[in-house]
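A short write-up of the structure that comes next.
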Amino acid sequence: MKILVCPDADTAAGRAADLVAARLRHDPATTLGLATGGTMEAVYAALIARHAAGDCSFAAAQSFNLDEYVGLAPDHPCSYWRYMREHLFGRVDFAPDRTHLPRGDAPDAGAEADRYEAAIRAAGDIGLQLLGIGANGHIGFNEPTSSLASLTRVKTLARSTRAANARFFDRAEDVPRLAITMGIATILRADEVVLLAVGAGKADAVARMIEGPVSAFCPASALQMHRHATVIVDEAAAARLALRDYYADIHPNGI
Ligand code: F6R
């Protein structure tokens, strides 16, 4: 794992955007794995700025998002389809038919998960996978005790995840209980993984991911088994890393 400790959250998001833009320049037809959530908003804003400056193009790329809530149609205001249109797809040059998310409103969510997994495989798997992390150590919606060999499937959200995501809904009880998520094995097949975590609320999960045992109890710890994983954190999210100074010596200021 490469650990980049950045001075602040904006710098950390900019580093994540740098890696995505570099991948697009190196391989314009790459397949990006994309995440949603609060952490990613600054990454997408930075990518939109780089695109506007002519630094990167999504025109030949395609994308697969990590997850979607079961029951929410693409036009639902809280769907991840809507999030992606607002925060990225509608503001860069992705071809509309080259961006993919699971259909939360599919009549059979299990069959939709299988279809989505097959589509990722048919695309040759993910080139660069962007990830956030839950305070409980989840990646995608692979909650603690998810099989480290899991593929795309329907997962029940943890209470803490529903509580954390209630801020995006009008009422806490509106947060769906189920989601379709790429599995941990699906994520580990990506050629390159970039995980971004900022803020003190992620410090415990970050320490368990990087320095704890590989365990289904902290799904993000599976990234220790990946050959090309970069974890980007700000100082607050790095606060509980025993070897923080070592990581900072290798990559001063996260560079
Ligand atoms: C989102 C996703 C989740 C989030 C995680 C962190 O597609 O898969 O794993 O990355 O819950 O969310 P934020 O950034 O809102 O703290």
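Taking every eigenvalue of the Cα gyration tensor of the range 26-93, multiplying by 5 and rooting it, what semi-axes result, largest first, whole Å?
Working: eigenvalues 98, 35, 21 Å².
Ellipsoid semi-axes (Å, largest first): 22, 13, 10.
Between the C-alpha center of the range 17-55 and that of the range 153-192 there is a gap of 22 Å.
Across the range 56-190, the fraction of Cα-Cα pairs farther apart than 23 Å, rounded to a whole number, is 31%.
Hey, what did the range 196-250 get for relative contact order, percent, Cα under 8 Å, at least 6 apart? About 47 percent, as a whole number.
Counting each DSSP H run of 4 or more residues in the chain as -39500 (n - 2.57), what helix-only mean residue ellipticity at 222 nm follows after dividing by all residues, to the nearest 500 deg cm²/dmol? Before the final figure, lay out the partial values.
Values: 8 runs with 83 residues, N = 255.
About -9500 deg cm²/dmol.
Note on residue 91 and residue 60: the extension gain reaches 9.6 nm, defined as 0.36 nm multiplied by sequence separation minus the Cα-Cα distance. Using only the C-alpha atoms, the convex hull of the chain corresponds to 113 Å³ per residue.
Tell me, what is a quarter of the convex hull surface for the C-alpha atoms of the range 125-255, in nm² with one decimal?
Numbers: hull surface 32.2 nm².
Average of the hull's projected areas for the range 125-255 equals 8.1 nm².
Compared with the direct C-alpha span, the chain from residue 225 to residue 118 gains 36.2 nm at full extension, assuming 0.36 nm per residue. Measuring nothing but protein heavy atoms, the accessible surface of the chain at 1.4 Å probe radius is 53 percent carbon and sulfur. The value obtained for the range 84-154, namely the Cα convex hull volume divided by the number of residues, is 134 Å³ per residue.
Rounded to the nearest Hz, the phi-derived 3J(HN,Hα) couplings of the range 228-236 under the Karplus curve 6.51 cos²θ - 1.76 cosθ + 1.60 (θ = phi - 60°) are 9, 10, 10, 10, 10, 9, 8, 4, 5, where x marks glycine and proline. At R0 = 35 Å, how high is the FRET efficiency between residue 214 and residue 167 if r is their beta carbon distance? Nearest 0.05 is fine. Working from the Cβ atoms, E equals 0.70.
Taking label points 7 Å from Cα along the Cα-to-Cβ direction, residue 255 and residue 159 give a separation of 4.7 nm. Computed with a 1.4 Å probe over protein heavy atoms only, the accessible surface of the chain comes to 42 Å² per residue. Its relative contact order, with pairs defined as Cα atoms under 8 Å and 6+ residues apart, puts the chain at 27 percent.
Give me the number: length gained by fully extending residue 200 to residue 111, i.e. 0.36 nm times residue separation minus the C-alpha to C-alpha distance, one decimal in nm.
28.2 nm
Taking R0 as 30 Å, what FRET efficiency do you get between residue 240 and residue 27 from their Cβ-Cβ distance, rounded to the nearest 0.05?
On the way: r = 35 Å, r/R0 = 1.17.
About 0.30, to the nearest 0.05.
Remark on residue 129: its backbone amide H falls under 5 Å from those of 33, 192, 193, 194, a criterion applied only to residues 5 or more positions apart or on other chains, H modelled at 1.01 Å from N. Rounded to the nearest 5, the antiparallel percentage of DSSP beta bridges internal to the chain is 30%.
The values are calculated or read from the model by the stated rules, or taken from the named source; none is laboratory data. For clarity, every value in this text was computed on a predicted model and none was experimentally measured. Every residue, glycine as well, gets a Cβ built from its backbone with ideal geometry; the counts of neighbours run over all protein chains shown. Quick note on the areas: whole protein, heavy atoms, side chains included, nothing else; ligands and nucleic acids left out. Shrake-Rupley method; radii C 1.70, N 1.55, O 1.52, S 1.80 Å.
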